[in-house]
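Presented below is the structure to which this report refers.
The values are calculated or read from the model by the stated rules, or taken from the named source; none is laboratory data. No experiment lies behind these values; they were computed from the predicted model shown. So basically every Cβ, Gly included, is an ideal-geometry build from the backbone, and we count neighbours across all protein chains shown.
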Amino acid sequence: MEDFRVYPDSAKTWIYQSSRVLDKDEVEYIKVVLDEFISTWESHGSMLTAAYEVFDNLFIVLFVDEEGDTMCGRAQDASVKVMKELEAQLETSLLDRMVQAYKKDDKVMVATMTEFSQLIADKEIDENTIVFNHTVTNKADFDENWEVPLKDSWHKQLLVVA
């Protein structure tokens with residue numbers, strides 16, 4: 001598997017978060033499935049230059065170096081399809097944007113949106129809590145803005161509600 005860190009800042013990036021922490025065997029299974037997927041992933045009839053990484057046994061991040069050619073919709077659909085297959089096989093959600101992740105004492109925690117809002121209301125989470133911003137779309141943005149204080153993310157709108 002290629003190292004995503006050598007990819008250009010413009011590399012397309014997708015983040016899929018599990019609704020629960022995955023165990024070692026599940027992560028190994030994901031690696032087998034994604035190694036196979038990436039070895040056959042193509043767009044416009046050409047193989048994609050792609051890599052992935054599993055972070056914190058919770059996040060699957062795909063990177064594609066488009067090399068001047070925009071990825072076709074079919075290729076993007078293929079990545080979503082493989083994530084849906086992994087969801088079914090691992091009995092977890094990878095596409096549910098209502099599940100949030102944050103750091104507490106350097107440990108990544110997961111909460112539903114309702115639980116997350118309650119944690120803010122209870123002051124268990126504040127504007128300086130590190131959250132994961134899944135709205136990033138390229139490697140530069142991933143490197144700089146994936147892990148950010150809540151006050152610097154889209155999550156800040158939840159501070160007003162609490």
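Worth pointing out:
- Close pairs (8 angstrom Cβ cut-off, 6 or more residues apart or separate chains): among the basic types (Lys, Arg) in the stretch 123-139, assigned to a strand (DSSP E or B) and buried (at least 19 other Cβ atoms within 10 Å of the Cβ) anywhere: Lys139/Thr13; Lys139/Phe63
- Taken over the stretch 73-125, the criterion of being closer than 18 Å to Thr13 by Cβ and small (Gly, Ala, Ser) is satisfied by Gly73, Ala75, Ala78, Ser79, Ala101.
- Filter result for Tyr52 (over 15 Å from Lys12 (Cβ atoms), among the aromatic types (Phe, Trp, Tyr) and not in a loop (DSSP other than H, G, I, E, B)): no
- In the stretch 121-153, the residues that are surrounded by fewer than 20 Cβ atoms within 10 Å (Cβ to Cβ) and either in a helix (DSSP H, G or I) or aliphatic (A, V, I, L, M) (or both): Ala121, Ile130, Val136, Ala140, Asp141, Asp143, Glu144, Asn145, Val148, Lys151, Asp152
- Yes/no for Ser39 being free of Cβ contacts under 8 Å to residues at least 24 places away in the same chain and of a type in the set (Ser, Thr, Tyr): yes
- Leading residue by the ranking (modelled with the lowest pLDDT) among those in the stretch 72-92 that are outside any helix (DSSP H, G or I) and surrounded by fewer than 18 Cβ atoms within 10 Å (Cβ to Cβ): Cys72
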